[in-house]
Amino acid sequence: MSERASDIVYLVVVLIGCASAAVKASALRRGFSGSLVVIISCHVAGIGAFVSATPAVYRVIDALAGRTGLASLVAYSFIILFSAHAHLLAIIWAAEVRGGGTPRRRVTALAVCYAVILAAMTATFLRAGLTGPDHPLTFNVTFAGRPEVVVFLLVFLAGLSYSMLSAAWECRRGSRTDNPRLRGGLRTISLASLFIFGYVVFAGPSLAAAAWGWHGLDRLTDLGALSGTVGAFILNWGFSGHAVQVWWRDRSDYRRLRVLWETAVEGAGRTVALAPPSRLVERWSLLSAGAWLLIRRLADICDAERALSPWMDPALAYAVEAAAGPGGRPEEVRALASAAMLLDAVRRRGDGEPPAFRSLPRPDDVEPAGERTHLVRVARALDHPVVLAVLRRPAAAHRG
């Protein structure tokens, strides 16, 4: 892979890591969590590794420091810190699975172990006293003829192997939990750890061959970097994938509910304290709807439905059920009936008809936790052919 391609790929990973870190940092406002702090710190270390390994940044670091290859020490140190955090997180989550607290003595021992690894890497690199041009993508094989560099790289590869294999093992043991979210997180870290360990699998033989003066395996280093990058992508998804999915689902539901919100609130003649953003902003902004806006929209819809309830004709529900036929799913038929009754009530109230029906309670078979899903279905059903066909019939036909 060329330096320019590496610049692009690594900076994309950096942007993804920054976004993931921002998501987790925002979650800290809702409550402190030790594992959340470790995840954020892990993101920071990963970002530092990819930034310093980016060839354009690599050359700047070496130029400012006046020392050849110093950026490799910086990048590899960040990688060790990143892998150490992943190892620590696996231990914390595995302890949660077993129902115990964080093993503090073990965490302290690991901190000392990784500190020793970083100190050994720094000492062996500085002892090498490298000079000459920079080689951002081929540092390992270019300087493999120097014994100090070989020792430096062996310490790095050993530390990376220990952390990633240990993390994969901890996650494998801890994934036997009934908690689906925790189980998914542990399995993702395990898979990511094996991909990152793939760097050692590929870089190790190329380093050994280059140390003996044969460079026929140099391309394996590129495969190692690719494997590590894939592992970083997977780990980012494991850390933030669930939060991204929740955010996307909240945002999608918020947008889908707009037409129902407009129909119900305007039809009931209600006023709202918080006006929604424009359609353009709602569509293209990275709006986080889950914390407040979505809840507000759901509450407005429910209030408007209650206000329109005296105009809602229960006979429409039976008409919709008959029109939908026996093959319709109960939850979909229920949404179609609610949509038809709402649209009819808006029309009746808009035409100036007096309230003619008793206020209807919420459906008994719609649990509070399922209210949001039900309302999203209702929003989708507003222009459904069954709903429109039933509303075109004369009122007497609904009853008979």
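The values are calculated or read from the model by the stated rules, or taken from the named source; none is laboratory data. Quick caveat: nothing in here was measured; it's all calculated off a predicted structure. All Cβ positions, even for glycine, are placed from backbone atoms using ideal geometry, and neighbour counts span all protein chains on display.
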**Prompt:** Does the stretch 79-102 contain at least one residue that is among the β-branched types (Val, Ile, Thr) and at pLDDT 90 or above?
**Reply:** yes
**Asked** Limited to the stretch 237-265, what total is found for residues that are acidic (Asp, Glu) and in contact (Cβ under 8 Å) with a residue 60 or more places away in the chain?
**Response** 1
**Message:** Can you tell me how many residues within the stretch 46-83 are in contact with a Leu (Cβ under 7 Å, 6 or more places away or on another chain) and part of a helix (DSSP H, G or I)?
**Reply:** 7
**Item:** Criterion (without any contact (Cβ under 8 Å) to a residue 60 or more places away in the chain and closer than 29 Å to Arg4 by Cα) met by exactly one of Leu81, Leu110, Leu118, Leu88
**Value:** Leu81
**Request:** Could you tell me which residue of the stretch 136-177 is nearest to Ala192 (Cα to Cα), considering only residues that are hydroxyl-bearing (Ser, Thr, Tyr) and out of contact with any Phe, Trp or Tyr (no Cβ under 8 Å at 6 or more places or on another chain)?
**Result:** Ser166
**Prompt:** Among the residues of the stretch 178-210 satisfying the criterion of being surrounded by fewer than 19 Cβ atoms within 10 Å (Cβ to Cβ) and at pLDDT below 90, which is nearest to Glu3 (Cα to Cα)?
**Reply:** Arg187
**Message:** Go through the stretch 218-244 and report how many residues are within 13 Å of the chain's Cα centre (by Cα) and not hydrophobic (A, V, I, L, M, F, W, C).
**Reply:** 5
**Message:** Cβ contacts < 8 Å: first residue closer than 21 Å to Val97 by Cα and assigned to a helix (DSSP H, G or I), restricted to the stretch 20-37; second residue aliphatic (A, V, I, L, M) and at pLDDT below 80, any location; separation 6+ or different chain. Result?
**Reply:** Leu36/Ala27; Leu36/Leu28; Val37/Leu28
**Prompt:** Could we say that Arg67 is without any contact (Cβ under 8 Å) to a residue 12 or more places away in the chain and assigned by TED's automatic domain parsing to the domain that holds Gly129 here?
**Reply:** no
**Asked** What number of residues within the stretch 208-224 are outside any loop (DSSP other than H, G, I, E, B) and over 13 Å from Ser161 (Cβ atoms)?
**Response** 8
**Request:** Can you give me the number of residues within the stretch 230-280 that are of a type in the set (Ser, Thr, Tyr), at pLDDT below 85 and farther than 26 Å from Ala345 by Cα?
**Result:** 2
**Message:** Suppose we keep only residues that are of a type in the set (A, V, I, L, M) and surrounded by 15 or more Cβ atoms within 10 Å (Cβ to Cβ) within the stretch 108-128. Which one would you say is farthest from Val37 (Cα to Cα)?
**Reply:** Ala128
